Amino acid sequence: MAEIKAVCISNKKGTPKTNVYSATLVVNHGLDQDAHAGAGPRQVSLLSYERIENFRARGAPVSYGCFGENIVASGIDFAGLPVGTRLSCAGALLEITQIGKECRRPCRISQTMGECIMPTQGVFAGVLRGGTVGVGDEMHVLEGE
């Protein structure tokens, strides 16, 4: 079983996100009140809990939201899923649209650690069906949709 560990938003672009524990996913938009939400293929960003913990184990001083991720979940290797994969959580439906992204400039994490995991491990999704998601909710990879 996969479980949501954090739901993060920011009110301004270019700043780390804050774990708000629960937020509403809006169809074709992203997380309500998140500065990065909007139409387009990168409405919601996802990062695997295990990837964050592995990075922390190497000495990275990071907390949820530092990578700009909206949803952190354990038990799913998001970067290992193909574009088009659908994920369900608390009635909401997401579809993976992009794996990784290029950073425009070296971020604070990259400057401190020499690398950042978001460019290779971060995944983006569109919201196909809205709903409120929160810490502790189960997330499922839907097969064959």
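With respect to the conditions (1) loosely packed, with under 13 Cβ neighbours inside 10 Å; (2) touching a helix residue (DSSP H, G or I) at 6+ places or on another chain (Cβ under 9 Å); (3) modelled with pLDDT of 95 or more, GLY59 lacks only one, and its number is (3).
Those strands (runs of 3 or more DSSP E) of region 63-126 in which 1 or more residues are of a type in the set (Ser, Thr, Tyr), closer than 20 Å to MET1 by Cα and at pLDDT 85 or above occupy 71-74, 86-89. Of everything listed in (1) at pLDDT below 95; (2) under 24 Å from ASP77 (Cα atoms), the single unmet condition for GLY14 is (2).
Any idea how many residues of region 2-17 are in contact with a strand residue (DSSP E or B) (Cβ under 6 Å, 6 or more places away or on another chain) and surrounded by fewer than 19 Cβ atoms within 10 Å (Cβ to Cβ)? Steps first, answer last, please.
Kept after step one, since they are in contact with a strand residue (DSSP E or B) (Cβ under 6 Å, 6 or more places away or on another chain), are these residues of region 2-17: 2-9, 17.
Now narrow it down to the ones that are surrounded by fewer than 19 Cβ atoms within 10 Å (Cβ to Cβ): 3.
So the count comes out to 1.
Cβ-Cβ distances below 7 Å connect the following pairs, each with a first residue in region 64-75 that is of a type in the set (Gly, Ala, Ser), a second residue that is assigned to a loop (DSSP other than H, G, I, E, B) and buried (at least 24 other Cβ atoms within 10 Å of the Cβ), and a separation of six or more residues or different chains: GLY65/LYS17; GLY68/LYS17.
The values are calculated or read from the model by the stated rules, or taken from the named source; none is laboratory data. All figures in this text were calculated on a predicted structure; none of them were measured in a lab. Here the Cβ is made from the backbone with ideal geometry for all residues, glycine too, and neighbour counts use every protein chain on show.
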